[in-house]
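Enquirer: Okay, here's the structure, questions in a sec.
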Amino acid sequence: MTDPNDIRIAKLLHARADLAPGDPIAPPIVLASSYHLPGLPAEAPFQYGRFHNPSWDAVEHALALLEDAPVVGFPSGMAAIAAVLYSTLRSGDRILLPSDGYYTTRALSERFLGPLGVAFDTRATANFLDGGFAGYRLVWIETPSNPGLDVCDIAAVCAAAHAAGAIVCVDNTTLTPLGQRPLDLGADLVVAADTKAPAGHSDVLFGHVASRDEKLLAAVRDWRKFGGAIPGPFEAWLVHRGLETLELRFARQCDNALAIAQRLAVHKATVSVRYPGLGNDPSHGLARKQMQRFGGLVGVTFADAASAESFIACPFIRPSTSFGGVHTSAERRARWGDAVAPGYVRLSVGCEPLEALWAAMDESLARLA
């Protein structure tokens, strides 16, 4: 039986099906702020650059094939997150956020939603079902959590949250639609930073929102239109190009990450390793249940900050924030204020040949052992 993800990728690669002789195989970049608009504006497919763009349509169509749901594109992952928050919440609402998830979501809620009368609570991802969801308008899941890589049961949270009358949004940035499918597990909305693995080359910012709920997605689209958080045509084109190799890159990253995590876990220079694909990881059983792949992120804890920085100095590791690119990168997340040990490293495993990458890492580890 053909893997559904394989079918999605094949459809994505052949999405430009109605081509006339001489048409370009790659979608063109349309740099337009205005369009030819005689007669009634509603009769034209494109009206103004803040409303529509053919380059957005192309990448949104490609992402929609991966998500099995309509998609709205944004100029960054945070713009996508903000669109969901501002389009669904009103004064007096309460939201639940992961205490160990991406910190900017919490910062946005505290700094800007709070003064507008929207309250929020936090809860650890590993214990997200504890306490129930009564009284929340929106429940926000990030699993695996960034940077700690804890996991919660998406289907169980969605069922309980819906029973309590809440909407559920899942930040699926770490795994992409090829690694995890939150909408299939009951989520109302998915957000993702396509800056990471979908674009894949560390050269563009982009994000998207996906939903099978027409009303929720219409509000998100209106927020983009009236708020002006629109992506650039060239950025949309770059992401579209990246999506065409996502399946190949993501498979290599996941394979590499599992092998690297297994070796780091038994190395005497490390204190502990988190990776959902490891058989002894606390989240492994649940991860196997709800993930198609375990992703390219590995959490490695060293004895102290100096040891972590020494490991990151490996010649085949880029010391950089963000993740999901073709180059292996890493950073000591405590320097950003995350609630992790000083020696905790978020390692984003790239597409390098495995043995060459491991040989360079092993040499860095040897300095610590």
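Enquirer: Measuring from a point 7 Å past the Cα of Glu110 along Cα-to-C-beta, which residues in the range 72-99 have an amide N at less than 14 Å?
Expert: In the range 72-99, the label zone of Glu110 (backbone N under 14 Å from the point 7 Å along Cα→Cβ) covers 97-99.
Enquirer: Can I ask one more? Cut-off 10 angstrom, C-alpha nodes, Gaussian network model of the chain. Which of His162, His14, His52 fluctuates the most?
Expert: His14
Enquirer: Divide by every residue of the chain the summed helix terms, -39500 (n - 2.57) for each DSSP H run of at least 4, and state the resulting mean residue ellipticity at 222 nm, rounded to the nearest 500 deg cm²/dmol.
Expert: Theoretical 222 nm ellipticity from helices: -10500 deg cm²/dmol.
Enquirer: Here's a follow-up. Summarise the long-distance tail of P(r) for the range 239-369 by giving the % of C-alpha pairs beyond 22 Å.
Expert: Roughly 33 percent, rounded to a whole number.
Enquirer: Identify which of Leu264, Leu13, Leu347 has the largest mean-square fluctuation in a Gaussian network model of the chain, with springs joining Cα atoms closer than 10 Å.
Expert: Of Leu264, Leu13, Leu347, the most mobile in the Gaussian network model is Leu13.
Enquirer: While we're on this one: Can you order the peptides 56-62, 120-126 by their average number of other Cβ atoms within 10 Å per residue, highest first?
Expert: 56-62, 120-126
Enquirer: Whole number in Å², please: accessible area per residue of the range 1-76, 1.4 Å probe, ligands, DNA and RNA not counted.
Expert: 60
Enquirer: Under a point spin-label approximation (7 Å from Cα along Cα-to-Cβ), what is the Asp362-Asp203 distance to one decimal in nm?
Expert: 3.3
Enquirer: Follow-up question, since we're still on this one. Quick one: which of 245-254, 67-76 comes out on top by average Cβ neighbours within 10 Å, and what's the full order, highest first?
Expert: Result, highest mean Cβ count within 10 Å first: 67-76, 245-254.
Enquirer: Which of the trypsin sites (Lys or Arg not before Pro) across the range 186-235 are loop residues per DSSP, with 14 or fewer other Cβ within 10 Å?
Expert: Working: sites: Lys196, Arg212, Lys215, Arg221, Arg224, Lys225; in loops: Lys196, Arg212.
Passing sites in the range 186-235 do not exist.
Enquirer: Gap in Å between the Cα centre of the range 9-50 and the Cα centre of the range 318-369?
Expert: Between the Cα centres of the range 318-369 and the range 9-50 lies a distance of 41 Å.
Enquirer: Now for a separate question. Express in nm, to one decimal, how much length is gained between Arg50 and Ala119 on full extension, taking 0.36 nm for each residue of separation and deducting their alpha carbon distance.
Expert: Extending this stretch completely gives an extra 21.7 nm.
Enquirer: Once you put a point 7 Å from the Cα of His36 and another 7 Å from the Cα of Ala134, both along the Cβ direction, what distance in nm separates them?
Expert: Computed distance between label sites His36 and Ala134 equals 6.3 nm.
Enquirer: Moving on to the next point. Using only Cα atoms, find the angle between the long axis of helix 233-243 and the longest principal axis of the chain, and express it within 0 to 90 degrees, rounded to the nearest 10.
Expert: Roughly 50 degrees between the two axes.
Enquirer: So how tilted is helix 246-265 from the main axis of the chain? Cα-based, degrees 0 to 90, rounded to 10.
Expert: Compared with the principal axis, the helix lies near 20 degrees.
Enquirer: Tell me, what % of the accessible area of the chain is carbon and sulfur with a 1.4 angstrom probe?
Expert: 56
Enquirer: Send over a whole-number figure in Å² for the accessible area per residue of the range 287-337, probe 1.4 Å.
Expert: 44
Enquirer: Assuming R0 = 35 Å, can you tell me the calculated FRET efficiency for the pair Ala15 and Ala164, based on Cβ-Cβ distance, to the nearest 0.05?
Expert: E between Ala15 and Ala164, to the nearest 0.05, is 0.35.
Enquirer: More than 16 Å apart: what percent of Cα pairs in the range 1-60 qualify? Before the final figure, lay out the partial values.
Expert: Numbers: 1062 of 1770 pairs.
So the pairs more than 16 Å apart make up 60 percent of the total in the range 1-60.
The values are calculated or read from the model by the stated rules, or taken from the named source; none is laboratory data. Please read all numbers here as calculations on a predicted model, not as lab measurements. Using ideal geometry, Cβ is built from the backbone for each residue, glycine included, and neighbour counts are taken over all protein chains shown. Heads up: the accessible areas ignore ligands, DNA and RNA and are worked out on the full protein's heavy atoms, side chains in. Shrake-Rupley method; radii C 1.70, N 1.55, O 1.52, S 1.80 Å.
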